[in-house]
Amino acid sequence: MTTSTLGRRAVVCHVASYTAVQLAATVGITRAFGYRVTPTVLLAGAAINASTHAAIDRGALLLWLARKTGKTGYIEHCKATRIDDDGNATSEVTGPGSAWMELDAALHRAIGIGAGAATPTHEGG
């Protein structure tokens, strides 16, 4: 198995489990507050959120947006330093503690807020 194949599988598993939890939470929370989201709207929103989530986590979309908004310098400058068992330091562009992770999280939040705001609900039912 190539690294790319392993990465795609990892993203699919991550996005599938994350989306399942989001769907369950959405249904539970909206029902608790007396709102109903139709299954069509709910599944459409989940599909959009899952596909954008996968695209962001694979990296190409985030790099494209960073180039378009002039944030590549931020990504390249704010790297995470890791020390291996032998005491050797390495630098990572991605991973916890990096600008990449901050931009990734911000983009996920922005898409989630936009998706939530665009999802029609109705009371009762």
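Within segment 86-112, take every residue that is of a type in the set (V, I, T) and in a loop (DSSP other than H, G, I, E, B) and give me the one that is modelled with the highest pLDDT.
By that ranking, first place goes to V93.
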Check: Considering only residues of segment 60-77 that are part of a helix (DSSP H, G or I) and among the basic types (K, R), which is surrounded by the fewest Cβ atoms within 10 Å (Cβ to Cβ)?
Finding: K68
Check: Considering segment 44-59 alone, what residues qualify as being open to solvent by less than 60 Å² (accessible area, probe 1.4 Å) and either touching a residue at least 12 places away in the same chain (Cβ under 8 Å) or not in a helix (DSSP H, G or I) (or both)?
Finding: G45, A46, N49, A50, T52, H53, A54, I56, D57, G59
Check: Quick check: is even one residue across segment 78-85 out of contact with any Cys (no Cβ under 7 Å at 6 or more places or on another chain), surrounded by 13 or more Cβ atoms within 10 Å (Cβ to Cβ) and assigned to a loop (DSSP other than H, G, I, E, B)?
Finding: yes
Margin query: Scan segment 113-125 and tell me whether some residue there is within 20 Å of the chain's Cα centre (by Cα) and of a type in the set (D, E, K, R).
Written below: no
Note to self: Being under 22 Å from R8 (Cα atoms) and either aliphatic (A, V, I, L, M) or in contact with a Ser or Thr (Cβ under 7 Å, 6 or more places away or on another chain) (or both) is the requirement here; does A80 meet it?
What the structure shows: no
Next item on the list: Find the residue count for segment 28-43, including only residues that are open to solvent by less than 90 Å² (accessible area, probe 1.4 Å) and either assigned to a loop (DSSP other than H, G, I, E, B) or at pLDDT 90 or above (or both).
Entry: 5
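The values are calculated or read from the model by the stated rules, or taken from the named source; none is laboratory data. In this text the structure is predicted, and so the values were computed from the model without any measurement. Glycine gets a Cβ as well: all are built from the backbone with ideal geometry, and neighbour counts include every protein chain shown. Areas reflect the complete protein model, heavy atoms only, side chains present, ligands, DNA and RNA absent. Shrake-Rupley method; radii C 1.70, N 1.55, O 1.52, S 1.80 Å.
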